[in-house]
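First up is the structure itself, then whatever we jot down about it.
Every number in this text was worked out from the coordinates using simple rules, so none of it is lab data. Bear in mind that the values here come from a model prediction, so they are computed numbers and not experimental data. Note that each Cβ is placed from the backbone with ideal geometry, even for glycine, and that neighbours are counted across all protein chains shown.
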Amino acid sequence: MKNILIALSVALNLLFCGFAMANTAEEPSSANELMWTQVKDGAQGVTTSKGQAHNQLINTYDMRVFQLRSDLLAPAIMAALFGMIIVFVLFIKVNGISKLHGGFSGKMVHRWSKFDVSIHWLGAIPCLLLILTGLTLLAGRFFFHPYLSEGLWAGLINAAKLVHDYMAIPFMFGWLLMTVLWAKNQMPKMYDIKWMLYVGGYINFGPFKGKHPDAGFANAGEKLWFWTFALFGLVICASGMLLLFPNVFEPSRTLSLIALVLHSVSAIIITAFSIVHIFMATVMSEGGMECMVSGYCDENWATQHHNLWFDEIKQNGTLTYKK
Amino acid sequence: MATMKFLCDTKRCIECNGCVTACKNENDSALEWGIQRRRVVTLKDGEPGEASISVACMHCTDAPCMAVCPTDCFYRTEDGIVLHNKDTCIGCGYCFYACPFGAPQFPQKSTFGGRGKMDKCTFCAGGPEEDHSEAERLKYGSNRIAEGKLPMCAELCATKSLLAGDAGVVSNIYRERVASRGSNKAIWG
Ligand code: HEM
Ligand code: SF4
Ligand code: SF4
């Protein structure tokens, strides 16, 4: 309904340009009608102004984009962040975490190089800040602004934009390096299907209890996250570049609006996955966080969560312990 | 309350750019170098059927710029004029993408670090600052509405092609003109 109103009101404004109404009193002159149609189709003329897009009279596009952002995308990104946190906290309350059965062995197995750990954080820290600031840009006016004074809100949204702009750059490097360098370990295998059926052995009740489906260097859940991140990371970087450097890429106004929507949709997906990823690494999987701190994992963690990988490195002699 | 609108009679506009100059002069204090709030566009320049039209912000009833702004810094006055708060604006450019008329303009071209504060036609109605304050003059330009006057561009239009005022009044003037034109193909109305 609202979008119809917006469309109507814009149409009304267009009438005020004086083209259409010029002929309402008498029979229409076809030349005027034709020009009016061309104007609505974005006809360009001549102007002395150097302003952006100033030679075009009217730019038309699908006005439903505003409703899409306010009624769907903005609540969705709130749900993807805060909703997912609530869901996960409840899940852990009911289900409990995945403990190491044999406790910690104290023997630390080499899993990631120092370089791998650094590119992970090169992407991850900006990603977190981009999520928080992006959420403020998309949903802040609906969810935060009503509760803040104008001055506080202005400060918050200004900071959000600045942080978002600057964090985008390291994020893109992190995304590119991770996507390219880690893809070989993330290829889907047959045993991934079984891992999915058992939800990775993380469910602590019913038929799932105590199960440990096979997993290689990465399990099926991690692979799903990796490819989601690779794909939507690409969309988010590409659309973000259009929005960040319009002077370089010169996107049309309509393309910029499309980029904005694609950017938000990808952001919602990446946000929801990031919350799951962070919960898995820090709380759910005991001993998991160590991998991205030192690059080493406990031997018991390796055999419990990545048995095929551990067997493989033991066999081919690449297994190294921390000295 | 009135609902303020602009109307440009293309049969009268002679592309003299008087409105552009009037606006520039009236709002000079607020306009950064290179920014122009009003422009005249000529279609079919030099061909039969040439027509010129003066455009600035149309003060839309359900304004797209207002709907898209992530900072929610637009507001509508009781006269239906669409204004914005430059202190809250982050220069993201969303309103420029959304505006059908290309009204929002920026001092810088890239969004990286901000394009600077968005500027557009205020219908000579200033901004959120106190009426006729120095802050209002420097950020938004003149405030003729508070003095009971209409925008300078329309007031100075030599052919009275550009009309500004309450939508009902303005469109009545226009309708009378069209009705009394000898033929709708006539150039001078
Ligand atoms: C995890 C990564 C990212 C997330 C979650 C994210 C999220 C978001 C969200 C939700 C918005 C608001 C969209 C709207 O208002 O409809 C936004 C705006 C924006 N994003 Fe991102 N984004 C990410 C990465 C990037 C990257 C890599 C770039 C640049 C290459 C970028 C550039 C922008 C720009 C330019 C805007 C417009 C606002 C502004 O000018 O600051 N973003 N982002
Ligand atoms: S800036 Fe554009 S969208 Fe906003 S009120 Fe003016 S003409 Fe309408
Ligand atoms: S440039 Fe300013 S006014 Fe325009 S949408 Fe962005 S914050 Fe709002």
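For the Cα atoms of chain B, what angle does the longest principal axis make with the long axis of helix B:167-180, in degrees from 0 to 90, nearest 10? Helix B:167-180 sits at roughly 20 degrees to that axis. Zone of A:Asn185 (label point 7 Å along Cα→Cβ, backbone N under 15 Å): which residues in segment A:207-250? Inside the label zone: A:215-227.
For the pair A:Ile85 and A:Phe143 in one chain, pulling the backbone fully straight at 0.36 nm per residue adds 19.2 nm over the alpha carbon distance.
Calculated on C-alpha atoms, the gyration radius of segment A:147-246 divided by its Kirkwood radius gives an Rg/Rh of 1.19. Across 5 Å bins from 0, what is the distribution of all Cα-Cα pair distances for segment B:103-167, in whole percents? Values per bin, smallest distances first: 4, 17, 19, 19, 17, 13, 8, 3, 0. Exactly which GluC sites (Glu not before Pro) in segment B:8-57 are in a DSSP loop and have at most 15 other Cβ atoms within 10 Å? Counting only loop positions with at most 15 other Cβ atoms within 10 Å, the GluC sites (Glu not before Pro) in segment B:8-57 are B:Glu32.
So if a site counts as exposed when it's one of the chymotrypsin sites (Phe, Trp or Tyr not before Pro), its DSSP state isn't H, G, I, E or B, and it has at most 11 other Cβ atoms within 10 Å, what's the longest stretch of chain B without one?
Answer from the scan: B:34-187.
Between A:Gln44 and A:Lys314, the modelled label-to-label distance comes to 6.8 nm, taking each label 7 Å out from Cα in the direction of the beta carbon.
Compute the FRET efficiency between A:His110 and A:Asn204 as 1/(1 + (r/R0)^6), taking r as their Cβ-Cβ distance and R0 = 22 Å, and round to the nearest 0.05.
Working: r = 30 Å, r/R0 = 1.35.
With R0 = 22 Å, the Cβ-Cβ based efficiency is 0.15.
In straight-distance terms, cross-link reach from A:Lys50 covers every one of the lysines whose alpha-carbon lies under 20 Å from its own, apart from those fewer than eight places away in the same chain; here that gives B:Lys24, B:Lys44, B:Lys109, B:Lys117, B:Lys120.
Both the radius of gyration and Dmax for segment A:218-313 are 18.4, 55 Å, in that order, over alpha-carbon atoms.
A dipole drawn for the protein assembly as shown from +1 and -1 charges on Cβ atoms has a positive end, and of A:Gly206, B:Thr71, B:Gly91 the residue lying farthest that way is A:Gly206.
Convex hull over the Cα atoms of segment A:63-210, averaged projected area in nm²? So the Cα hull casts an average projection of 14.0 nm².
Which value, in Å to one decimal place, does the Kirkwood hydrodynamic radius take for the protein assembly as shown when every pair of different Cα atoms is included? Don't skip to the answer; put the middle values down first.
Details: mean 1/r = 0.0379 Å⁻¹.
Taking every pair of different Cα atoms in the protein assembly as shown, averaging 1/r and inverting gives 26.4 Å.
In terms of Cα atoms, the Rg and Dmax of segment A:95-143 work out to 18.2, 51 Å. Legend: P(r) of segment B:1-106 from all alpha carbon pair distances, 10 Å bins from 0, whole percents, reading 13, 39, 36, 11, 1.
Along segment B:32-45 the Karplus relation, 6.51 cos²θ - 1.76 cosθ + 1.60 evaluated at θ = phi - 60°, assigns HN-Hα couplings of 6, 3, x, 8, 9, 7, 10, 9, 10, 10, 10, 9, 6, 4 Hz to successive residues, with x for each Gly and Pro.
Per the Debye calculation on chain B with a single equal scatterer at every Cα and no solvent contribution, log₁₀ I(q)/I(0) for q = 0.10 Å⁻¹ amounts to -0.41.
Mean Kyte-Doolittle of at least 0.5 plus a Cα span of 18 Å or more along the axis: flag which DSSP H helices in chain A meet both, please.
Numbers: long enough: A:2-15 (20 Å, 1.72); A:114-143 (42 Å, 1.39); A:150-182 (45 Å, 1.02); A:220-244 (34 Å, 1.51); A:253-279 (39 Å, 1.86).
Passing helices, by number: A:2-15, A:114-143, A:150-182, A:220-244, A:253-279.
With the Kirkwood sum run over all distinct C-alpha pairs, segment A:55-140 has a hydrodynamic radius of 17.7 Å.
Rounded to the nearest 500, what is the 222 nm mean residue ellipticity of chain A from helices alone, with -39500 (n - 2.57) per DSSP H run of 4+ residues and division by all residues? Kindly include the intermediate steps, with their values, before the conclusion.
Values: 13 runs with 189 residues, N = 323.
After summing the helix terms and dividing by the residues of chain A, the value is -19000 deg cm²/dmol.
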